[in-house]
Structures are given as C-alpha cells and as structure tokens.
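Trainee: Handing you this structure, nothing more for now.
The values are calculated or read from the model by the stated rules, or taken from the named source; none is laboratory data. For clarity, every value in this text was computed on a predicted model and none was experimentally measured. Note that each Cβ is placed from the backbone with ideal geometry, even for glycine, and that neighbours are counted across all protein chains shown. Ligands, DNA and RNA are excluded from the accessible area calculation, which covers all protein heavy atoms including side chains. Shrake-Rupley method; radii C 1.70, N 1.55, O 1.52, S 1.80 Å.
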Amino acid sequence: TIDWLKNAPDAGLSDQNGKGLSAGVWCSEAVLSAPEGYEISLSPAEKYGSTVRSTADTGKNGGTVTYYLRQKAGGGIARKTVTVYVDRTAPTGSIAVSGIVWNRTLPGEDSELRIPDKKDITISAEDGQSGVKTVEYTISGNKCKSREEIQKLDGWQIYNTNAKPDIRQNGTNYVYVRITDQMGNRTWLSTGKIVYEPVSKNGGSSGSSGGSGG
C-alpha cells in the first residue's frame, strides 16, 4: 500500500519543442516536466527523471495520463492525472471527378476515366482530431508510381471548394492531392488516368466517360 503524497504541485505540460500547453491544446507529443524538488515517472516503481513523454494517439476528446511525482527530499510519491491531446494520425480524404472517387495514395493500375468535356475536381478532407489545416492539389501528365515521386511534384495549389479546379487539358491527366492536419500529419492521394478527349468541332465526341477509382 502506498501512502500517496498530498498537495504536490502539478507537472509542467509542453509540446516536444518546449512550448507550454494548456488543456485542450493539440500536439504531436506531450512532455510532462517535474516541478522543482520533484522527479517524474509514468509508473510508481519505474525510473524517475526530469521529464516523461506521452506519444500515444489520444482521439478527438484527448486522453488521461496518470503520472507520479517523487520528492527528491523525503521520497514521498504523489499520483496525478492530466488530459493531453496528442494527434499522430494522418487525415483522410478523397478525390472525385465525374462521379468516380479515388481515396488511395496509389490507385489500381487499371484505374481510368475518359471524359468528353471539362469536369470539376471535388476534394474532400477530414481530420477528427486536431483538424485539417491545408488541402493542396496539382495536375500532372506524369504518372507517379510511389509516394516519393508524388512528393517531388511541382505546381501545388490550395484547393478552394468555392472555385473548384477542373480537368480541361487535352490528353492524359493525373490529379494529386496532399492533405495536412494542424499537427503536420499528412496524407497523399492520387487519381487514376483521366483521359480528356474534347467534343470535336462537328459535334461528335472522341471519348466517353467511365473508369474506376479506389
């Protein structure tokens, strides 16, 4: 049986860069610092030190961390709790063009859409923890075969739901998207091949729509 020490001060709470946090503030790593005259641990029986770190993803309502403070003089131990908000989960999202939806970093090899006229690009993005910070896109004629290739693309622009970009370039296009949340977690998405074959001058169409996403 442990006779818990009463009236001990609270541990300091900061992010991994040393910036002080208050309740309800998101971070990607929560650091608890022992107050003067104390050492801190996440277990009453384990090694005590000046700081402990909480890196577990906590969910949208945060998570309770139990920590222990030991007096440097006297050895008494206090048990305390604090709610931390740690977001280490990437956001989610999708790209939709002409009713076809893609929601992966790299779609299937046979994923293709053929369109006869200009089509809007609709991008959705969600983050249930710290929230979405930016949604960016670029359209390229190059097919990327890895996330590393997508990261090297140029021409990224901020997505605007009130002025959606569109596919209107002749030939083959690929749409690439990067979604970043408030803590810097990032998701990369891409469409399959989108072939734009505009309506010919005599009224005929050189292509039809269809394809698959995923």
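Trainee: If you roll a 1.4 Å probe over the heavy atoms of the protein chains, what accessible area per residue do you get for segment 72-214, in Å²? Numbers along the way, then the final one.
Mentor: Numbers: 7560 Å² over 143 residues.
Per-residue value: 53 Å².
Trainee: Grab the DSSP H runs of the chain that are 4 residues or longer, score each as -39,500 (n - 2.57), total them, divide by all residues and round the 222 nm result to the nearest 500 deg cm²/dmol. Walk me through the numbers before you get to the answer.
Mentor: On the way: 1 runs with 5 residues, N = 214.
Calculated mean residue ellipticity at 222 nm is -500 deg cm²/dmol.
Trainee: Next question, about the same structure. When 1/r is averaged over all different Cα pairs and the result inverted, which Kirkwood radius in Å belongs to segment 117-163? Each step should come with its number before you reach the end.
Mentor: Details: mean 1/r = 0.0776 Å⁻¹.
Taking every pair of different Cα atoms in segment 117-163, averaging 1/r and inverting gives 12.9 Å.
Trainee: With an 8 Å Cα cut-off and a minimum separation of 6 or more residues, compute the relative contact order for the chain in percent. It would help to have the intermediate numbers written out before the result.
Mentor: On the way: 514 pairs, mean separation 44.0, N = 214.
Across the chain, relative contact order equals 21 percent.
Trainee: Quick one: Karplus J couplings for segment 41-55, per residue in order, coefficients 6.51, -1.76, 1.60, θ = phi - 60°, nearest Hz, x for Gly and Pro?
Mentor: Result, ordered by residue: 8, 8, 9, x, 9, 8, 4, 9, x, 7, 9, 9, 10, 10, 10 Hz.
Trainee: Tell me which GluC sites (Glu not before Pro) from segment 89-153 have a DSSP coil assignment and no more than 16 other beta carbons within 10 Å of their own.
Mentor: On the way: sites: Glu109, Glu112, Glu126, Glu136, Glu148, Glu149; in loops: Glu109.
Within segment 89-153, the qualifying GluC sites (Glu not before Pro) (loop, at most 16 other Cβ atoms within 10 Å) are Glu109.
Trainee: If R₀ is 25 angstrom, what is the calculated FRET efficiency for the pair Val25 and Ile158, using the beta carbon separation as r and rounding to 0.05?
Mentor: On the way: r = 25 Å, r/R0 = 1.01.
For Val25 and Ile158, the calculated efficiency is 0.50.
Trainee: Write down, largest first, the equivalent ellipsoid semi-axes of segment 1-132 in whole Å, where each equals the square root of 5 times an eigenvalue of the alpha-carbon gyration tensor.
Mentor: Values: eigenvalues 473, 32, 23 Å².
Working through the eigenvalues yields semi-axes of 49, 13, 11 Å.
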